Amino acid sequence: MRINLFVTSCPHSCVQPESASRYRDRCKPIALPSLTFYCFGCHLKRRKLLGRRTAAVSAARAARASETPEQTSLRLSRMASRSASRLSTENDGAQTERLASAASTMSARCARLSVEERSFQNSQDAVRVARVEGFTVPSTENPSSFAGSHRQSLLQGFRNTRASVASRASEQPQETAHRRFRNAQSTASARALESPAQTTVRRVRNARSTESARALESPARTTVRRVRNARSTAPARVLECPGQTTVRRVRNARSTASARAAENSEVCRQRLENISNFELL
């Protein structure tokens, strides 16, 4: 059996099937001992497949944009149930491969966002420096406006804030890590000595300030915060003992159960959406 391999010299990357006979005269046949290969249409199939996938994705997005909240909740519930059933039936090798793929994806995102995070932090520090430098201290010549220790404490706080912001804007990543470690040590020692009432007051105050700050942050800052939290949580979980792991999981399970019992339909829909997005990684 004689096999001819036609190599076209057509400058186009793809040749239509109906125009293959027109380019056959330009082709150079190569005799092979078995099959006959035609180079026509190979790129066309790839392009057709890509077009079909793009059309399917566009149709899915249009359908999701026009569906009701009940349909969205039902679809996400089905996706979550399918994901849970798949995770329960997969073997250790598939689970390891999936987790490795998710870890590589997250590490790539962390590497991409690390530079953006640092530049964003520097820009925020620069804004703080500009605000502090533009802050005008009221005149201290009038004794009725500032009296004694209050005036001194205000001036000292102003100088300390300006020096801290300026130093943080120019410090290196290693210096930032050392400063955060020292602050964490001092915070841990202070929290170990506080009473339960002080702990409750501190947690309520922190929860209120955190909620107000997260309500005003942009999506980019939300992404940076989540990546930073994930990077700081991973080494801490590697170093913890099995007893600490059990305590952490029980505490998280209790807080998660109480939060899900109090959430509304919109929060439930958003949570299921996050689960489905994570499973698509």
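Please treat every number below as a calculation from the coordinates, not as lab data. All values reported here derive from a predicted model rather than from experimental measurement. So basically every Cβ, Gly included, is an ideal-geometry build from the backbone, and we count neighbours across all protein chains shown.
Using the Cβ-Cβ distance between THR161 and SER85 with R0 = 51 Å, the FRET efficiency computed as 1/(1 + (r/R0)^6) comes to roughly 0.40.
With a simple spin-label model that places each label point 7 Å from the Cα along the Cα-to-Cβ direction, the separation between ALA56 and SER101 comes to 1.5 nm. Our estimate of slack between ALA220 and GLU171, defined as 0.36 nm per intervening residue step minus the Cα-Cα distance, is 15.3 nm.
Distance between the 7 Å Cα→Cβ label points at THR233 and ARG78: 3.0 nm. With N as its number of residues, region 194-239 has a Cα radius of gyration that, divided by 2.2 N^0.38 Å, comes to 1.49. In this rough spin-label picture, where each label sits 7 Å from Cα along the Cβ direction, the GLU240-ALA197 distance is 3.1 nm.
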